[in-house]
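Participant: Once you've had a glance at the structure underneath, I'll fire off some questions.
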Amino acid sequence: MFELKVVTHFAAAHRLKMVAKKCEDLHGHNWKIEVYIAGNRLNDAGVLVDFGEVKKHISEIMNTLDHKYLNELDWFQDENQPSSENIARHIAERLQKSIGNSHIKVTRVTAWESEDACATYYMAPVSTNSNCSCA
Ligand SMILES: [Zn+2]
């Protein structure tokens, strides 16, 4: 199994209901995002996937979040508040769709909202049978 990691950032504002009073008021974070991608099949160039391609997909997603008021975005309405947990899940699911290759799995995304606090969303594990061509 090979795993790649790409680190990126975005800055945005949010407010969260029903948690510590401090978080209910409008405030911002400089989120640090760590994206993990795994697979067990390398291409002819000896890489799982070109970093440039992965970064292109990630930066498209970051552009939809950067300098936004996250509570106003469609994905973060009602039950789905823009917590670091939900931000991590949103990025993971969107990136998996953008990559559109069943051999390359987004395994987890970690969203750091400060230097000492982060949330990680784990996607379903990569199948170890994906190299099998006997089906
Ligand atoms: Zn916050």
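The values are calculated or read from the model by the stated rules, or taken from the named source; none is laboratory data. Computed from a prediction, not measured in an experiment: that's the story for all the values here. Here the Cβ is made from the backbone with ideal geometry for all residues, glycine too, and neighbour counts use every protein chain on show.
Participant: Might you let me know whether the stretch 34-55 holds any residue that is in a loop (DSSP other than H, G, I, E, B), at pLDDT 95 or above and under 21 Å from ALA119 (Cβ atoms)?
Facilitator: No.
Participant: Quick check on the stretch 67-113: of everything there that is within 16 Å of the ligand (Cβ to nearest atom) and assigned to a loop (DSSP other than H, G, I, E, B), which residue is surrounded by the most Cβ atoms within 10 Å (Cβ to Cβ)?
Facilitator: Taking the candidates together, the pick is PRO82.
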